[in-house]
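These notes are about the structure you will find just below.
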Amino acid sequence: MTGFGRAEQAVGDKVFLVEVKSLNGKQFDLRITIPPLLKPFEFNIRNILQERLVRGSVECIIYIKQNGSAQPVTINKELAKAYYQPIAELSAELNLNPGDVLSALLKLPEVITPSNIVLTDEDWVGFELVLISAIDQLKEHRADEGKSLEEELSLRIENILVNAEKIVVLEPQRKQRIKDGLVKILEDSVGKDNYDSNRLEQELIYYIEKMDITEEQVRLKNHCNYFKSILNEVEDGKGKKLSFIMQEIGREINTTGSKAYDSEMQKSVVLMKDELEKAKEQVLNVL
């Protein structure tokens, strides 16, 4: 599910800024950008994000601003040299002033870094609160999206049930058409008085039983009702369960279509498949 959260807070002589955004995804996929000061805590940060966001393609960017007295810095000379060659070549190609190269180098990431600075336990506790605040904002966005998503999925399942009910109404007529069609074929082929009507009835019963879709329709209705009950639960982590139920719904719809042999029923089957595909697209957004 999509969402965005941003939190900024001063903790001691530092200002922490956290931005978190997420896009839809089946699994939890995290991209994180953190300053060197927080590298020792990267594992903790990843765990907090995964525990609280569960699923989705998540991007987290963390900034630290020094607030207060000046701090000693270190220039990463090797990194600056690596940056210099391509910048100097580009400067020459564009006929730029070579004197601007140094100022550009010093602004590049990680060239100048604070030295002898460590994150205290108090700083970590303060940062953790900022991180959780940004995550909570993102979850609020997700909750708003979830309300509309719940309505959408409920609509799709209700539409499937409506079309399933149409099939139930058509079922007696379908059986009669099958019977009339087989009798007509026999009469046209061997004559009205040249076949055993009792044997025909037995064969018709066997044939119609093989094409009976009552069990499929009962299971389809049960699966749809179960889907709605899971959808209404307040617990997290039900997206995969809903996906599994949809697989069962699709199986019953497909079996119904393969047994139908009736144009009117097939129309309802096609409509149910269409609703199911729309629901499958949306259920990927459910945590």
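The values are calculated or read from the model by the stated rules, or taken from the named source; none is laboratory data. Remember, it's a predicted structure, so these values are computed and weren't measured experimentally. No Cβ is skipped: glycine too gets one built from the backbone with ideal geometry, and neighbour counts run over all protein chains shown.
Observations on the model:
- Matching residues in the stretch 89-102 - criterion: being of a type outside the set (A, V, I, L, M, F, W, C), part of a helix (DSSP H, G or I) and at pLDDT 75 or above: Glu89, Ser91, Glu93
- Candidates Lys192, Lys179, Lys147: the one that is surrounded by 13 or more Cβ atoms within 10 Å (Cβ to Cβ) and at pLDDT below 90 is Lys179.
- Among residues of the stretch 11-33 that are within 17 Å of Ser57 (Cα to Cα), those with a beta-carbon under 6 Å from a residue that is at pLDDT 85 or above and among the basic types (Lys, Arg) at least six positions away or on a different chain give the pairs Glu19/Arg6.
- Selected residue (criterion: farthest from His223 (Cα to Cα)) from residues of the stretch 242-262 that are buried (at least 17 other Cβ atoms within 10 Å of the Cβ) and not β-branched (Val, Ile, Thr): Asp262
Per-residue answers, yes or no, for (1) in contact (Cβ under 8 Å) with a residue 60 or more places away in the chain; (2) in a helix (DSSP H, G or I):
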residue	(1), (2)
Ile249	yes, yes
Glu252	no, yes
Thr255	no, yes
Met265	yes, yes
Asp274	no, yes
Glu281	no, yes
Asn285	yes, no
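- Cβ pairs under 8 Å, 6+ apart, first in the stretch 78-90 and within 10 Å of Val101 (Cβ to Cβ), second part of a helix (DSSP H, G or I): Tyr83/Leu105; Tyr84/Val101; Tyr84/Leu105; Ile87/Val101; Ile87/Ala104; Ile87/Leu105; Ala88/Val101
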